[in-house]
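This report refers to the structure that appears directly beneath it.
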Amino acid sequence: MLLSCSGIRCALPCTLLQTPALLLRVTQCLPPFHQQYVSQTFHPVSIAPALQDLVTTGRLKQDDSQRFAAKALNTLQTAVTLEAQTPSPQANSSSSAQLANQTSSSSLLQLPRGAYLWGTIGSGKTMLLDLFCSTFPISDRQQLGLCRLHFHEFMLTIHSRLHSLQESVPRIKGHSQFGLPVYRYAPLNGHPVDLVAQSIARDTRVLCLDELHVTDVADALILGQLFSALLREGTVVVFTSNKPPLELYKNGLNRQYFLPFVKLVQKQLAVIEVSAASDYRLQDQALGEVLAMPGLRNTDAQRKEGQQGVMLVGPGSHDALDVMWGETAGSLQTEATLNVGFGRMLHVPKQLSQGQQASRSSSSNSSTPGPAAMLDFEQVCGQQGLAPGLDQGGALGPADMVALAAAYPLLFIQGIPVLQWSQRNEARRLVTLIDTLYDMRCRLECSAAGKPRQIFAELLDHARRLGIATTSGLSSASAKLEQAEATAADLHSGLRHGLAENSEDEEPVSLALLQEEVVMYGRAISRLSEMCRLQPA
């Protein structure tokens, strides 16, 4: 069974998605913020002229790296379209030869099996990915089975499918040498990872995955085999990432098993750097105004009006957010329990369900986009997490974040602190939350002890004192600003923290992991700045 949503076909089979939250996510198929501003009816249909139209009309600034990437993706679109229009494998080879003749002047995409866009934070990689998805003809899109997901969401579905596949295998009863009953699983007709890849490839010709970032050893161990099987089955894959392929999972546990994936990317995908002189998300002009396009559906235009959330900063931010929640929920506030799957339940103490939406005050000039929930920072990012009781507690993971974002298009988060070095785990969960809300186009309204950069400032300062380059992954303009702030911070706090790194009580730190975290912090600062406008409490 295939799902069609918002004109973009999401071709992951329903059987792939075992958890209710993930199934809801694919049913909605909501790309990031700027997707809503991209026209669905470009003529001629291809990404390069579409991008040039945005530049010509002043809705995007000229960027040579984006233009180069768009040309490469344009070639990939042509290859995919030719293959989709070819009815037989024999004709497929002739169409590939035709494409090779058309693109013989460029060696960038010798094998049109996909692309890997990498570059600094806020350089436009996700925008290019969404533009790539939206500029296929509607008929081709239905024929291709185009699916666009966040990388971590995709991997959650893979692990869920592997688990379900294992559970579906019948068990065979035998006997040991002592006559005792012994149970074993019946053999599969192939490796489980290959079987899952084949089930995806049957209906998915184009798979677009945003924000490839590997820190989980369980993901690292299967990526090579998974995507090798997908490419072998004919699926075209497009990634975005903040790092070049060789820097992925650097110094990670059992990295030797991850290296086949790196070699696969380098050999079969076009590796394209998208660099930028500045982080476009941090520019003064709102992204919605920059990318606004004609031909929007009414629902998209309405969402654009109220898409950006609010970050309340200052001593009275806690009370101010309570007032905003009261204006949203009124007396209709209830409790709810979310089924994440695998037997895990999340207890949401304050929520506004579908059909109970209350209008916000006229001064806010916006309406609730759907169900909403009010949570504390400790509930979402703390060690205990959301649970009916302490015995069922536990920190939230990516699947939990997806469940919350799928259930609540509007989230209120109370009390985001300025994170300290001892709160690195909380910081990682906050980054995961921001990435999930950003990708699923949820609106975030929150209270915080500081601005986005200030929230992560202490973590970045500490990483810098340990010798980590905190400007890696940033655009040149953002890097200069970061360096200036770092110099000032070091002058004030160098003596105070000079002995801290060598303290016997301090937990040993993996510098490779810390470098990954620094990139995550930078991405979170950029995305949070786009998602929320600052408002003094």
Could you tally the net charge around Arg184, taking each other residue with its Cβ under 13 Å from the Cβ of Arg184, Lys/Arg +1 and Asp/Glu -1? +2
For Trp325, tell me the accessible area in Å² from a 1.4 Å probe, rounded to the nearest 10. 10
Just the Cα atoms of the range 162-288: what Rg and Dmax do they give in Å? 20.4, 76
The range 399-462, accessible surface, carbon-and-sulfur percent (1.4 angstrom probe): 48
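With r as the distance between the Cβ atoms of Asp53 and Val418 and R0 = 51 Å, compute the FRET efficiency 1/(1 + (r/R0)^6) and round to 0.05. Intermediate results must be reported in sequence, preceding the final value.
Details: r = 43 Å, r/R0 = 0.84.
That pair, Val418 with Asp53, gives E of 0.75.
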Packing rank of 267-275, 53-61, 519-527, where each peptide gets the mean count of other beta carbons within 10 Å, highest leading: 519-527, 267-275, 53-61
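Efficiency by 1/(1 + (r/R0)^6): what FRET value for Thr334 and Ser168, r their Cβ-Cβ distance, R0 = 35 Å, to the nearest 0.05?
Details: r = 37 Å, r/R0 = 1.04.
For R0 = 35 Å, the calculated efficiency reads 0.45.
The values are calculated or read from the model by the stated rules, or taken from the named source; none is laboratory data. Bear in mind that the values here come from a model prediction, so they are computed numbers and not experimental data. All Cβ positions, glycine included, derive from the backbone under ideal geometry; neighbour counts span all protein chains shown. We work out accessible area using only protein heavy atoms, side chains counted, and drop any ligands, DNA or RNA first. Shrake-Rupley method; radii C 1.70, N 1.55, O 1.52, S 1.80 Å.
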